[in-house]
Amino acid sequence: MLTNYVYKLRPSITQINKMGGWLDMLRSTYNWSLADRIAQYNQQFIQGDYCDIRTKSEACPITCFVSKNGASGEPWKDGKVDKDGKLKNPRRSAGDIQITALPELKKARPWFGEIDSTVLQQNVKRLDTAYKNFFERQVASPSGEGRGFPKFKNRGNFTSFTYQMGVKVQGSKVYLPKLGWMRFFNSRLIPDGFNLKAATIRKRQDGWYVSIRIEDKSIPDYVSKPLDEVKSVLGCDLGITKLVHLSDRYQIDNPRFATNKKVKRTLKIRQRRVSKKLKDSKNRKKAASKLGRFHKKITDKRVAYQWDVANKIVSRKVDAIALEDLNISAMLKRCKVKVDENTGRFLKNGQSRKKGLNRAISDTSWGELILKIEYLAAKQGKVVIKINPKHSSQECRNCGHIDKSNRDGEKFICTECGYHEHADIGAAKTIRDRCLEIVRRDSAKLAASQQNAQKVSSRSMSKRGEFGNLSNQDIKIAKS
Ligand SMILES: [Zn+2]
């Protein structure tokens with residue numbers, strides 16, 4: 001099992017200065033490596049005579065892969081051959097090439113020598129991960145959400161570096177190569193049997209943190225239940241006035257950590273204090289750090305609350321948890337600009353009205369909550385199933401009639417049959433039913449394939465019918 005433990009560090013002033021300097025240097029290599037890869041990518045479209053490095057034969061610029069994949073340098077691996085006489089991983093990745101160029105960087109700029117070498121390597125590998133995420137998104141959802149093309153980093157969004165080796169922990173002290181021993185707040189003990197794998201140092205508003213990655217191979221990873229063992233499902237409907245509605249009629253409050261009246265006022269004042277100070281002045285820096293610490297405090301409160309909520313949801317006696325499959329980045333999109341055709345003036349498009357809603361959505365941070373629920377559910381062997389929430393709060397649970405006017409605030413009254421219920425709890429129930437439908441279909445498929453293979457006895461077939469005591473009507477609704 002692999003987990004991360006996070007501790008707050010207590011570095012000395014020298015260590016703080018050193019780590020700050022490292023971040024600046026690492027950021028510049030990161031940005032340089034990214035620029036290099038972009039340049040190399042663009043160069044493959046330049047016309048000219050190309051040849052294959054090994055065979056020296058002519059190659060088409062489209063098929064020649066000499067410069068396709070990153071920095072200049074030997075594009076081939078050390079020429080090791082496997083059993084069949086083929087080259088092992090003949091092509092090196094852009095990351096490999098850029099990592100082997102690191103000693104040259106150290107020669108040209110000797111001050112890079114003071115950074116631990118595994119930190120430098122991980123810094124380049126980080127770019128590999130960014131590219132991987134980008135390509136994965138391209139495959140999974142070409143137009144949808146996800147992480148985009150790797151970005152150039154500035155001081156604000158480049159705040160961490162990772163050690164791959166050499167980190168030691170002794171009591172309340174951690175040894176970081178080239179930085180030396182550093183004390184930390186030992187807020188939780190590393191359990192016995194766990195080995196140190198890596199450590200990430202991160203700068204946050206109120207100081208430096210270390211995230212230690214530990215592994216114990218003797219403890220197996222969590223296994224989640226197979227779908228055909230799922231008997232009961234808890235439906236969750238995420239909202240703003242209440243954070244979560246559960247299908248068992250339970251509601252969880254949304255404390256609005258960043259958008260309640262008091263916090264909004266404090267934020268406004270602190271923000272103004274920053275903007276009124278002279279640029280590049282020490283006082284502005286002080287005010288900015290005070291604002292930053294306030295933001296951190298809000299985040300910390302929200303994170304603590306979300307763990308609490310996730311725990312409440314996951315600890316219910318169910319086999320699976322059904323969540324909405326939300327496209328949050330699409331929900332946060334700005335309204336389309338409206339222009340008067342005659343005068344060319346901008347017309348009202350409702351954006352100022354939507355601004356408040358967007359802020360409220362960001363403040364709930366559903367995505368973070370969903371991640372926490374998934375993590376805790378996996379720990380307990382429960383399944384999390386994402387459900388398409390389309391019309392879940394507009395559909396009548398009695399007759400299946402879908403209409404926007406069915407819903408009036410918290411009330412749900414069907415315009416066709418007069419069925420009424422609490423709108424959000426109804427939505428949570430609809431999500432649960434849709435989930436049950438999916439589970440049924442999948443386990444039916446599974447059972448069918450088993451039947452073909454080994455003739456399942458009639459007893460186990462009747463067992464399969466146990467879950468979901470839904471009437472036919474419910475199934476019709478769930479299909480939607
Ligand atoms: Zn109805």
| task | Using 0.36 nm per residue of separation minus the Cα-Cα distance, give me the extension gain between Asn133 and Glu341 in nm, one decimal. | result | 70.7 nm
| query | Pairs Lys312/Lys372; Lys262/Lys282; Lys268/Lys336; Lys312/Lys379; Lys242/Lys379: which are spaced more than 23 Å apart, C-alpha to C-alpha? | reply | Lys262/Lys282; Lys268/Lys336; Lys242/Lys379
| task | Compute the Rg to Rh ratio over the stretch 286-384 from the alpha carbon atoms, using the Kirkwood formula for Rh, and round to two decimal places. | result | 1.16
| request: Kindly identify the stretch 353-454 as rounded, prolate or oblate by the Cα gyration tensor criterion: order the square roots of the eigenvalues as a ≥ b ≥ c, call it rounded if a/c is under 1.5, otherwise compare a/b with b/c, prolate if a/b is larger, else oblate. | output: oblate
| field | Lys268 paired with Glu368, simple spin-label distance in nm, labels 7 Å along Cα-to-beta-carbon | value | 2.4
| said: Can you classify the stretch 127-242 as rounded, prolate or oblate using the Cα gyration tensor, where a ≥ b ≥ c are the square roots of its eigenvalues, rounded means a/c under 1.5, and otherwise it's prolate if a/b beats b/c and oblate if not? | reply: oblate
| field | Paramagnetic reach from Asn157 (point 7 Å along Cα→Cβ, amide N under 20 Å) across the stretch 96-124 | value | 123-124
| remark: For Ile321, the residues 5 or more places away or on another chain with a placed amide H closer than 5 Å to its own amide H are Leu234, Val383, Val384, Ile385
| message | Rolling a 1.4 Å sphere over the protein heavy atoms, what is the accessible area per residue of the stretch 177-253, to the nearest Å²? | response | 55
| field | Residue-count net charge about Ser393 - beta-carbon cut-off 15 Å; Lys, Arg +1, Asp, Glu -1 | value | -1
| field | Net charge of neighbours whose Cβ lies under 12 Å from the Cβ of Arg10, counting Lys and Arg as +1 and Asp and Glu as -1 | value | +3
| query | Once the Cβ-Cβ distance between Met331 and Tyr375 is put in as r, and R0 is 25 Å, what FRET efficiency do you end up with, to the nearest 0.05? | reply | 0.60
| query | Quick one: accessible area per residue over the stretch 264-419, 1.4 Å probe, rounded to a whole number of Å²? | reply | 66
| field | Long-range amide H partners of Ser247 with built H, under 5 Å | value | Gly235
| Simple spin-label model, 7 Å along Cα-to-Cβ: Lys445 to Thr14 in nm? | 6.3
| Counting Lys +1, Arg +1, Asp -1, Glu -1, what net charge surrounds Tyr30 among other residues with beta carbon under 14 Å of its beta carbon? | +4
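The values are calculated or read from the model by the stated rules, or taken from the named source; none is laboratory data. Because the structure is a prediction, the values reported are computed rather than measured. A quick note on method: Cβ atoms are made from the backbone with ideal geometry, for glycine too, and the neighbour counts reach across all protein chains shown. We work out accessible area using only protein heavy atoms, side chains counted, and drop any ligands, DNA or RNA first. Shrake-Rupley method; radii C 1.70, N 1.55, O 1.52, S 1.80 Å.
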